[in-house]
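Colleague: The structure follows.
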Amino acid sequence: RTPLRLLFPPFELQHAHYRLGAHTGPWQADWLLGAFLLVRRRAFDAVGGMDEGYPMYVEDIDLAARFAAAGFERWVLPEAGAVHEYQAVIDKRFLSQRNLWHLRSMARFARRHPGLLLRRREVTPV
């Protein structure tokens, strides 16, 4: 979310993390981008829905963490698609309001899910 991505391009440096490349079908994921989610109402209600305490960003990661804790699976279906009009303008300045919201949200997530941040998981390349 900062101009540092110009020096360290995330998609190039984290190819395996983002599972870029050829996909052979659906896979389970730790979390999914909140811009496009299909969620069963029963699961959404079971975890208490979205946490409105997040000012912006990270609420999708929190939701996925609560789904996992409740025993619900999270799947990526590469054949499904949506267009999200990403506003790249937010990455132009280091200290913007959006970056501060992001930091606040990350701090909230760390307080709510400290065990998840201490666990390291290896990613198998596609």
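Colleague: Give me the extension gain from D60 to D30: residue separation times 0.36 nm, minus the current Cα-Cα distance, reported in nm with one decimal.
Modeller: Numbers: separation 30, 0.36 × 30 = 10.80 nm, distance 1.08 nm.
Taking D60 through D30 to full extension adds about 9.7 nm, to one decimal.
Colleague: Hey, if we sort R42, R74, R98 by accessible area with the 1.4 Å probe, largest down, what's the order?
Modeller: Numbers: R42 165, R74 40, R98 85 Å².
Of R42, R74, R98, the descending order of accessible area is R42, R98, R74.
Colleague: Taking all protein chains in place and a 1.4 Å probe, what share, in percent, of the accessible surface of the range 29-71 do carbon and sulfur account for? Intermediate results must be reported in sequence, preceding the final value.
Modeller: Working: 1420 of 2600 Å².
Carbon plus sulfur share of accessible area: 55 percent.
Colleague: FRET efficiency for M50 and S96, Cβ-Cβ distance as r, R0 = 30 Å, nearest 0.05?
Modeller: On the way: r = 23 Å, r/R0 = 0.78.
According to the calculation, E is roughly 0.80.
Colleague: Additional query: Quick one: if you stick a label point 7 Å off each Cα along the C-beta vector at A70 and R112, how many nm between them?
Modeller: 1.2
Colleague: Express in nm, to one decimal, how much length is gained between E85 and R41 on full extension, taking 0.36 nm for each residue of separation and deducting their alpha carbon distance. It would help to have the intermediate numbers written out before the result.
Modeller: Numbers: separation 44, 0.36 × 44 = 15.84 nm, distance 2.59 nm.
Difference between extended and current length: 13.2 nm.
The values are calculated or read from the model by the stated rules, or taken from the named source; none is laboratory data. Here the structure is a predicted model, which is why all the values come from computation and not from measurement. Positions of Cβ are backbone-derived with ideal geometry, glycine not excepted, and every protein chain shown enters the neighbour counts. Just the protein is used for accessible areas: all its heavy atoms, side chains included, with ligands, DNA and RNA removed. Shrake-Rupley method; radii C 1.70, N 1.55, O 1.52, S 1.80 Å.
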